[in-house]
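The next block holds one structure in the form of structure tokens; read it before the comments.
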Amino acid sequence: MTNSVTEKMVMYNGAKFGAIAGFVATWSISTAIAASEFELGLQIGTFYSVMGIALGFNNAVSSAYLSFGLHILTGSILGAIVGAIAIKWKKMSILNPYKGIVVGVGAGIVIWLILFLPITTLLIEPSIDRIVTILAVQSQKPLLSDNVNQSIRGIALSAVIFHMIWGALFGFMISSMLRIKALKSQIWKNRLKNKGDMDLQDSLR
């Protein structure tokens, strides 16, 4: 089998397992988001409702479900991208579980910086009045823009921790799946041998 075909298979596995790890990690982190909402005195699902309303939906309940689905999808896609890139970086260092977690945490922080913060600043905050109006009508309770805005900012800041946790979960899971794949696949064993990377070979023993 040619090197180009082997490299494509390796990247495919990185993307595939990255998508799975991203899906599970994103689903898991939703529990942390719900706990944060409870601590802030918000109704469970408010974060997803806010996201959906900012995207143009007019119903808080349907917005929550749609945004949750988009969040899971985005996490899976980002997981696939990170997995495909990481598997090529530094001789597949992500196979080492500790390095995998470090790579995952780093990816989580980058995602928070280049995706989550801009969405919060450029999409959610300009829509705060509309968000408050729809949430107030849906809950039939008076809401203050300042209170909701402060809660959103609190979630946005604490989200860096959520993304780091996401990264740690992602890194550990993709590392574990790739290690299992490497143990079963002669192609991957040969690739490690050809690379001469003793650190990685030791991690598979």
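No value in this document is a laboratory result; all are computed from the given coordinates. The structure displayed is predicted, hence computed values, not measured ones. Glycine gets a Cβ as well: all are built from the backbone with ideal geometry, and neighbour counts include every protein chain shown.
Remark: the residue 183-residue 34 segment gains 49.9 nm on full extension, using 0.36 nm per residue and subtracting the alpha carbon distance.
With a Förster radius of 30 Å applied to the C-beta separation of residue 70 and residue 8, the computed FRET efficiency comes to 0.55.
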